[in-house]
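Data block below; observations after.
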Amino acid sequence: MGRWVTSVASTAYNLAGDIELRPNLMKSVVVAHTLSGKKNSISETIRNSLQNGNAQKQRRFFRWAKDNYDYGLPEGSLGGEIAVDDAVVRAGLLPSLSLASNQHLILDEAFIDDGEAGFWVEAWIEQNYPDIAVDDYIFSYDYSTNEIVIEVTGHGTHRVNAHADLIWASNRNYGRQLLYVTYRIVTETATGLSNTGTVYYTYRLGSGNVSFDTLISASTDIGEFYPAIPLRIDNVAVDDSNFSGDYANIKKAYKKYMGSSIEPILETFEDHDDIGDMDHIFVVPGVALNTSEAIAQEYLYKFFNMLKDDQLSSKADFRAYENRNYDQRKANITWRRWNEGLKNSHHPLHGTTEPASPEVPGSPPLSALTIKMADMDEFNLKLSWAYIEESLHAGNARTYDGTTRSKLNPGQFWITKGSPLNISYSRSFWSGGELRTETQSVDYARVYLFEQTGRLTYKKLELCGLEHTNYVYGSHAVRMNASDALDEEEESAFLIPLHQPTVKELGLVKNNQLTTANSYVLINSAEHRKKKWYETGAFKVIVFVIGIVLAVFTAGGSLAAAGGLLGVNAAVSLALGFAVGSTIGLVVAAVVNQIAAMIIGALVMSAAKGVFGEKAGAIIGAIVSIGLSAGINGLNYGDGFMSGINSLLSPEKLLALTNAVGSAYTDWLAIDTAEIYERIDELEDTYEGKEEELQKLADSMLGMTNGELDPIMFTNIPESLGENPETFLARTLMTPSDMLEISNALIEKMPEITLDLDPAMV
């Protein structure tokens, strides 16, 4: 089975961008509240952020999609890919074979699957090119003509009509499955054994064979998955005239889920040089198996733990399958020894009764979760596994295998690879007058999910044989096991769709954090690519913009509601000519408000000096500049500009600001003085240039990092606030009576302050 090569590929990209750029939600909310100067409490801000954040937006999208999305919600069906018992297959085949007494049925392989073209390709190769190497051919299935296209190295391309069973089972809308069997008929003669060669047989499950139909497994509905949103289907964008009846609904779904218009991302894809290779493109709510997001790892643990309770195969079932393989290998050795004695009259087993035929145990018992959209065949995923088992352990999960790593704290989760489980079997047969033996070996990948439940206790979720199948065209699929997915450096296309009951189990706080990293673009293509197309410039731009959408919903859930001197960002965005709700417009408006605040800070400094003189004016200007974000908010909330300033000039806040700015200034002065002495000794002639370089480094270090504002930047850069050493000394030596005098002066000289302000401020 492993030699069946397909020509499809799949790539996924997290719309939140690189993990280093994703915000910590709660930290961002606290910082935003601190800098905003809002009158409500921090608890109110946090509550509003949770209630109006992206978690609630995604839930609203899910509820809307239930009744209003034309493609509906995905169907989740948990069933089994049960072990195919040799006795069942033998009972189903023998009545139609009519074997003679000296003939024996040898089963080589038996499994259940949907339409799998590779089975017939293998039969065709064996018939036409029996000596060819397993890597010397590839194939594809042409669904338009129902032909299998086989490319044989050195022998050209061949088109073979698809078998009727393949056509029947390739329609995945009906859940059709086939029993695949390979077998040989061995005939015993006086001179030895002969066989028919491999026979390839298929049966449509449910078509009337009493023995075979017992292999049909029951299934359980696992619903409530978030739906995929198509951007491109069958090499056609959804805004094409072919989708005229669906586009409006798709556009609305995208808007509800992403919070932005669908047109920019469609345009970006269409402008890409490799767009012709991108057959299907979807926005998929989900989590990559190899995610490094802490909350996403917790989601994975809870999701697979949920599947454990309904799985159709267990660890005990798999161990029984291992034992059957062990018994088969022993039986094959016994049968081979008996065969070696057939031609040797001196052999101790010559003339003895033939031992039991060493049948191949077939496939192990597997569980399978199929997630598909009934009205969108192009989106179809399957998760299959041998077993999921949870166990409780003492110690720390990071040292589960004796390796010393950084330890987990209670409540933390972790995912890692385990050693694979190897299953092997052998078969012996006569070929060309010689007794030959063939050995097959299969590795079942294992991964572990850990939850540190206490300081010295943890839970381990063992997932054996976990495999992800992404059906691109019919049965033409990209298959990936869990171990390979964890080896990928970037987030893998091994996607676990978002499951609403599991999401709810996380709670609102964790769910809000999860929304910063649970949206992917999934691209399915008909060709492998060496270069990751999404690394090109055009796509990086749109990913950045979309990343902003996911990162700026903090502090109440809306960038539009935030504001500055010029008003709320939504109003400023509209005034600048951007569309209502435009993400780019809101971002630009936020920047404009920040620039306006800096300009006003300089104007306040100048005006204060004109009214109060150099001493008091410099002090007042520095204080107002430090608290500018809070003072200006007085305008936004209708309290007036002077009200904002007065709120900063209470004795309590003046003392607090003195401590903060004084500490920052002391730190800065020490660093700056040491730098000056060093420059005097070493590079006196280049002092000015090096000072500029130092300032650039300081700006870089004290700027924005990881999507969060650093509040220290408002206290650790005193010179940018207009405070010189003389001002610092004057302010720190102020007495309470001086503070009272300044506060009274603000009231008495209100007209002078207003008239002296630059017209641009008014």
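In terms of its C-alpha gyration tensor, segment 79-215 comes out oblate, because a/c is 1.5 or above while a/b does not outweigh b/c.
Computed from the C-beta positions of Lys417 and Leu456, the FRET efficiency with R₀ = 30 Å rounds to 0.80. Between Ser244 and Ala87, the contour length at 0.36 nm per residue exceeds the Cα-Cα span by 51.1 nm. The calculated FRET efficiency for Asp271 paired with Ser314, based on their beta-carbon distance and R0 = 35 Å, is about 0.10. Distance between the pseudo-spin-label points of His155 and Lys27 (7 Å out from Cα toward the beta carbon): 6.1 nm. Given a Förster distance of 56 angstrom, what is the FRET efficiency for Leu97 paired with Asp401, based on the Cβ-Cβ distance and rounded to 0.05? After rounding to 0.05, the efficiency reads 0.65.
Seen through its C-alpha gyration tensor, with square-root eigenvalues sorted a ≥ b ≥ c, segment 199-295 comes out prolate because a/c lies at 1.5 or above while a/b is bigger than b/c. Length gained on full extension, Glu490 to Thr145: 120.5 nm, using 0.36 nm per residue less the C-alpha separation.
If a paramagnetic tag sat 7 Å from the Cα of Lys252 along the Cα-Cβ line, which residues of segment 63-106 would have the backbone N under 20 Å from that point? Label zone hits: 63-74.
Since every read-out is calculated from the coordinates, none of them should be taken as a lab result. Values in this document were obtained by computation on a predicted structure and should not be read as measured data. Every residue, glycine as well, gets a Cβ built from its backbone with ideal geometry; the counts of neighbours run over all protein chains shown.
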